[in-house]
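Worksheet: the structure to be examined is printed underneath.
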Amino acid sequence: MWLSGHSNPDYRTINYFRGKRLKDQIQKLFAEVVRLLHDLNYLSLDVQYINGTKIESAANRYTFVWKGAVEKNKAKLETKIEAVLHEIASQIKQDQSALSKDETPKPIDSGELRTRLAALNENVKDIDKPTWKNIKKLEEDYLVRLEKYENQLEILGERNSYSKTDEDAVFMRLKDDHMQNGQFKPAYNTQISTDNQFITHYSIHQTAGDTTTLEEHLSGFEQQYGKQSKEVIADAGYGSEENYEMMEQKQIDAYVKYNYFHKEQKRAQKQNPFLVQNLYYNESENYFVCPMGQKLTHTGQGERKSRNGFISQVDYYEAKRCEGCPLRGMCHKSTGNKKIEINHKLNEYRAKAREMLTSERGLFHRSKRPIEVEAVFGQLKSNNKFSRFTLRKMDKVNIEFGLMSIGHNLRKLAKKAS
């Protein structure tokens, strides 16, 4: 109000400014506010408490497109198209090189179908009624549907779903009530970094899981401030081999949990001799030993590929003879011998993470993390009622969340300064 001299711009002016003028400036404005907070010694930029939350899109909740369904329907349609094309070739009873019966059936795209239809319309003049009907069916029905499926697959890319009314949104399971009952809704996965409950960085993602978002999020932080933080604290959703390796390369002290960090510290887990992590391992000769003293020898190696394309190396081990073992029922339930799969590199990263998380500094960060990021999300989603975006598309969603983050930081500053 003060900046505008108490003028009263209408909602179109405000919306134009928000959606157009801020498009390439919102990240810079947000970073300037964070630098101001840094200069006032409210935060250091050396520590990032990271977590994510899903915020519903403004899209219609029932205009979904699923990749599996599109691929299935497209395959069925291609089969129908091939059948009609061969039927036409049979009906016209003449050699059509593009429609030869001997041609091996293969997936057909809309461009190839258009070419075949053009050849038919040009070369076949006196055709009977059944053939003419088939050509019309291809032109007016099958071609239109094929183009629609191709367009949908192009929009989907690597995603599994999108909404017709917000093509950048992805259907994710959201928690709706205190019992965490929910349903799939179009949403975005928003990631934030906090320090002293100020938001220092944010990023918007189209994947439901947090694991694949960390590298992009940290790279954005580094690009924004020209430096990387010394410490990163996050929950088990980020504890993958890919992320541990990436943070090691960036020389970040990673206080990041892995999926069974808390579970492995329970007495029942520690005293269970049949769990893989409790088996004795002879590193020099590369074999494990089961509770009955039988060796599980190395039988080979394999690879696992993450969504981001990261390749993990795994090793396979197998016991030579489990038949007649009195402990077999407690050890495993497979019909053959006991087999295990081990990712040695990931185990090394987990051991290092366990050491850091249980250190004095790690215990401090673990006690502080829940009141850092979770408190900020609570302020945004509960107190400020920001549980659903009002804008659509990734660039505008980025603007809206940036404005909410700036507002949060300014409110926090005003509170601390008062």
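For residue 408, the stated conditions do not hold, so it cannot be described as closer than 18 Å to residue 258 by Cβ, in the same structural domain as residue 43 (by TED's automatic domain parsing) and touching a residue at least 40 places away in the same chain (Cβ under 8 Å). Restricting the stretch 385-418 to residues that are among the polar types (S, T, N, Q) and in a helix (DSSP H, G or I), which is nearest to the chain's Cα centre (by Cα)? The selected residue is 398. Tell me which residues, restricted to the stretch 389-418, are under 19 Å from residue 188 (Cα atoms), surrounded by 14 or more Cβ atoms within 10 Å (Cβ to Cβ) and not hydrophobic (A, V, I, L, M, F, W, C). Within the stretch 389-418, 392, 393, 395, 396, 398, 400, 402, 405 meet the criteria.
Collect the residues in the stretch 245-279 that are among the hydrophobic types (A, V, I, L, M, F, W, C) and in contact with a helix residue (DSSP H, G or I) (Cβ under 8 Å, 6 or more places away or on another chain), keeping them in residue-number order. Lay out the reasoning, then the answer.
Keep residues of the stretch 245-279 that are among the hydrophobic types (A, V, I, L, M, F, W, C), which gives 246-247, 252, 254, 256, 261, 268, 274-276, 279.
Correct list: 246, 247, 252, 254, 256, 261, 274, 275.
Among what's in the stretch 338-367 and is in a helix (DSSP H, G or I) and of a type in the set (Ser, Thr, Tyr), pick the residue that is farthest from residue 288 (Cα to Cα). Can you show your working first?
Residues of the stretch 338-367 in a helix (DSSP H, G or I): 344-357, 360-367.
From the residues that got through so far, the ones that are of a type in the set (Ser, Thr, Tyr) too are 349, 367.
Details: 349: 20, 367: 36 Å.
Looking at residues that are in a helix (DSSP H, G or I) and of a type in the set (Ser, Thr, Tyr), I get 367.
Within the stretch 191-213, the set of residues being within 22 Å of residue 391 (Cβ to Cβ), among the β-branched types (Val, Ile, Thr) and either surrounded by fewer than 17 Cβ atoms within 10 Å (Cβ to Cβ) or touching a helix residue (DSSP H, G or I) at 6+ places or on another chain (Cβ under 6 Å) (or both) comprises 199, 204. In the stretch 319-347, the residues that are more than 16 Å from residue 278 (Cβ to Cβ) form Cβ pairs under 6 Å with partners that are of a type in the set (Lys, Arg) and not in a loop (DSSP other than H, G, I, E, B), at six or more places apart or across chains, as follows: 322/328. Every test in (1) touching a strand residue (DSSP E or B) at 6+ places or on another chain (Cβ under 8 Å); (2) at positive phi is passed by residue 361 save one, and that test is (2).
Can you spot a residue in the stretch 156-167 that is surrounded by 15 or more Cβ atoms within 10 Å (Cβ to Cβ), farther than 30 Å from residue 249 by Cα and touching a Pro at 6+ places or on another chain (Cβ under 7 Å)? Yes. The set of residues in the stretch 309-332 being surrounded by 16 or more Cβ atoms within 10 Å (Cβ to Cβ) and among the polar types (S, T, N, Q) consists of 312 alone. Anything in the stretch 149-163 that is more than 17 Å from residue 79 (Cβ to Cβ) and not aliphatic (A, V, I, L, M)? List them, or say none. Those that are more than 17 Å from residue 79 (Cβ to Cβ) and not aliphatic (A, V, I, L, M): 151, 152, 154, 157, 158, 159, 160, 161, 162, 163.
Among the residues in the stretch 214-226, are any surrounded by fewer than 18 Cβ atoms within 10 Å (Cβ to Cβ), closer than 25 Å to residue 67 by Cα and touching a Leu at 6+ places or on another chain (Cβ under 9 Å)? No, the conditions are met nowhere in the stretch 214-226.
If only residues of the stretch 33-57 that are under 29 Å from the mean Cα position of the chain (by Cα) and of a type in the set (Asp, Glu) are counted, the one that is nearest to residue 372 (Cα to Cα) is 46.
The values are calculated or read from the model by the stated rules, or taken from the named source; none is laboratory data. This is a predicted model, so every value here is computed, not measured. Every residue, glycine among them, receives a Cβ derived from its backbone with ideal geometry; neighbour counts consider all protein chains shown.
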